[in-house]
Amino acid sequence: MKAVQVTGYGDVDKLEIVELAMPEPKDNEVLIKVKACAINNTEIWMREGAYGTGSKSGWRPEGVQFPRTPGSDISGRIVKVGKLVEESMIGKDVVLFPFTSSGDEGFEHISEDMSFIGSEYDGGYAEYVVWNADLCFDMPLSNYTESGVFSVSGLTAWHMVEQIQAQPGETIMVTGANGGVGSLSVQIASKVFGAKVIAIVGDLDLEERMMELGATHVLSYKSDNLAKEIIEVNGGPIDSVLDVVGDALFSTSLQVLKKGGKFCTSGSAGGQNTELDFRTLYLKHITLYGSVLGTRGEFKRMLNAISEGKIKPVIDRTYPLEKAREAQLYFKNSGKLGKIVLLPEE
């Protein structure tokens with residue numbers, strides 16, 4: 001089968017198109033013909049070594065082992081099952097819960113043995129992938145490409161919104177609102193949990209689209225008076241921040257939060273290190289949350305909301321699998337809206 005593998009740490013030249021033997025499902029696994037695989041920051045940062053280049057490079061202590069087939073936002077059709085899997089699963093269209101874990105229900109994402117598809121396991125930049133049968137869920141939409149954009153970004157966004165315990169009528173600021181996690185955070189916070197959303201983007205040409213996704217206000221991080229504008233449009237300090245940017249908007253976020261406000265981060269595309277005056281934290285009674293991925297229960301709730309039409313896929317563009325290098329380069333551009341998707345059969 002055709003696949004794209006990461007051969008080591010570095011630039012996109014470390015992505016190579018290869019021919020591999022068809023994987024065989026183990027007893028509790030299924031073989032999936034990949035129909036779509038959306039791109040996430042995680043596989044790019046893994047390749048670039050942003051998580052580290054040694055024993056801390058992956059989700060487990062031993063680090064990433066190369067070559068590795070990346071890709072974790074996967075939709076496809078089950079074409080073969082292992083010995084202990086019901087044959088009735090053959091032919092099912094599924095999306096994949098993106099990691100394995102022995103953690104108790106509700107704590108799967110913080111278990112020490114959490115292992116991610118595309119990092120500890122070969123992932124979806126391929127024509128076929130094997131995965132645990134009990135981690136395959138019915139596609140929420142009839143279209144493979146549209147269904148394949150939620151697993152990681154959607155789960156991350158959903159978990160963030162649940163973590164801050166979003167309430168109807170609260171004001172939540174979403175940074176990086178035009179990205180994969182951001183665009184889904186806007187929808188989940190507004191259309192599922194009933195919050196007012198201030199979406200922070202770079203290009204205000206995206207304002208109309210962001211409003212369609214549920215944003216109440218859309219502001220640009222390029223503004224010289226962003227903090228003032230946030231407080232003005234809200235009529236006062238805000239309740240919570242959902243952040244994927246990191247350093248670039250951290251100071252502004254703490255400035256505009258109300259006393260007792262909440263700051264939840266799941267990314268640091270705008271800088272991984274920041275300065276924090278602890279006095280701001282304790283004098284304003286601010287709660288900080290670190291967030292990544294989520295639980296199976298949250299995944300199921302997210303899929304239900306998608307199937308009910310409350311959350312819609314936001315897709316910027318698609319690429320054939322062979323153009324994975326080009327797709328990852330485009331992914332890093334600012335100004336895009338939504339997900340970038342690889343299609344093995346295009």
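The values are calculated or read from the model by the stated rules, or taken from the named source; none is laboratory data. Treat the numbers as computed from the prediction; the structure is a model and nothing was measured. Methodologically, a virtual Cβ is constructed for each residue, glycine included, from the backbone with ideal geometry; neighbour enumeration extends over all protein chains shown. In case anyone asks, the SASA skips ligands and DNA or RNA and just uses the protein heavy atoms, side chains included. Shrake-Rupley method; radii C 1.70, N 1.55, O 1.52, S 1.80 Å.
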Selected residue [out of contact with any strand residue (DSSP E or B) (no Cβ under 7 Å at 6 or more places or on another chain) and of a type in the set (A, V, I, L, M)] from Ile315, Ile306, Ile340, Ile286 = Ile306
Looking at the range 130-148, is at least one residue open to solvent by less than 10 Å² (accessible area, probe 1.4 Å) and closer than 30 Å to Leu226 by Cβ?
-> no
When you scan the range 258-274, how many residues do you find that are farther than 20 Å from Gly176 by Cα and either among the acidic types (Asp, Glu) or out of contact with any Lys or Arg (no Cβ under 7 Å at 6 or more places or on another chain) (or both)?
-> 2
Of the residues that sit in the range 1-47 and are in a helix (DSSP H, G or I) and charged (D, E, K, R), which one is nearest to Ser72 (Cα to Cα)?
-> Glu43
Among the listed residues Ala199, Ala177, which satisfies the condition of being out of contact with any Cys (no Cβ under 6 Å at 6 or more places or on another chain) and either part of a loop (DSSP other than H, G, I, E, B) or at positive phi (or both)?
-> Ala177
From (1) open to solvent by 20 Å² or more (accessible area, probe 1.4 Å); (2) under 30 Å from Gly261 (Cα atoms); (3) not β-branched (Val, Ile, Thr), pick out the condition that doesn't hold for Ser151.
-> (1)
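Residue-wise test of (1) touching a Ser or Thr at 6+ places or on another chain (Cβ under 8 Å); (2) at pLDDT 95 or above; (3) part of a loop (DSSP other than H, G, I, E, B).
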position: His285; (1), (2), (3): no, yes, yes
position: Ala305; (1), (2), (3): no, yes, no
position: Thr318; (1), (2), (3): yes, yes, no
position: Leu337; (1), (2), (3): yes, no, yes
Out of Arg301, Arg325, report the one residue that is among the basic types (Lys, Arg), open to solvent by 30 Å² or more (accessible area, probe 1.4 Å) and closer than 22 Å to Gly124 by Cβ.
-> Arg325
Would you point out the residue of the range 1-31, among those that are farther than 18 Å from Pro320 by Cα and of a type in the set (Val, Ile, Thr), that is surrounded by the most Cβ atoms within 10 Å (Cβ to Cβ)?
-> Val30
Do you know which of the residues in the range 251-262 that are part of a strand (DSSP E or B) and of a type outside the set (Lys, Arg) is surrounded by the fewest Cβ atoms within 10 Å (Cβ to Cβ)?
-> Gly260
Ser190 vs. criteria modelled with pLDDT under 95 and in contact with a Gly (Cβ under 6 Å, 6 or more places away or on another chain) = no
When you go through (1) of a type in the set (S, T, N, Q); (2) touching a residue at least 40 places away in the same chain (Cβ under 8 Å); (3) in contact with a helix residue (DSSP H, G or I) (Cβ under 8 Å, 6 or more places away or on another chain) one by one for Ser253, which number turns out not to apply?
-> (3)
If we scan the range 205-215, do we find a residue that is open to solvent by less than 40 Å² (accessible area, probe 1.4 Å), modelled with pLDDT under 95 and outside any helix (DSSP H, G or I)?
-> no
Would you confirm whether any residue within the range 224-231 is under 20 Å from Gln187 (Cβ atoms), open to solvent by 40 Å² or more (accessible area, probe 1.4 Å) and in contact (Cβ under 8 Å) with a residue 24 or more places away in the chain?
-> no
Selected residue (criterion: modelled with the lowest pLDDT) from residues of the range 76-118 that are surrounded by fewer than 19 Cβ atoms within 10 Å (Cβ to Cβ) and part of a helix (DSSP H, G or I) | Ile110
Residue count, the range 204-223 (criterion: farther than 24 Å from Phe193 by Cβ and among the basic types (Lys, Arg)) | 1
Any chance Leu276 is modelled with pLDDT under 95, open to solvent by less than 70 Å² (accessible area, probe 1.4 Å) and either aliphatic (A, V, I, L, M) or farther than 21 Å from Ile164 by Cβ (or both) = yes
Within the bounds of the range 236-250, is there any residue that is open to solvent by 30 Å² or more (accessible area, probe 1.4 Å), over 19 Å from Ala189 (Cα atoms) and not in a strand (DSSP E or B)?
-> yes
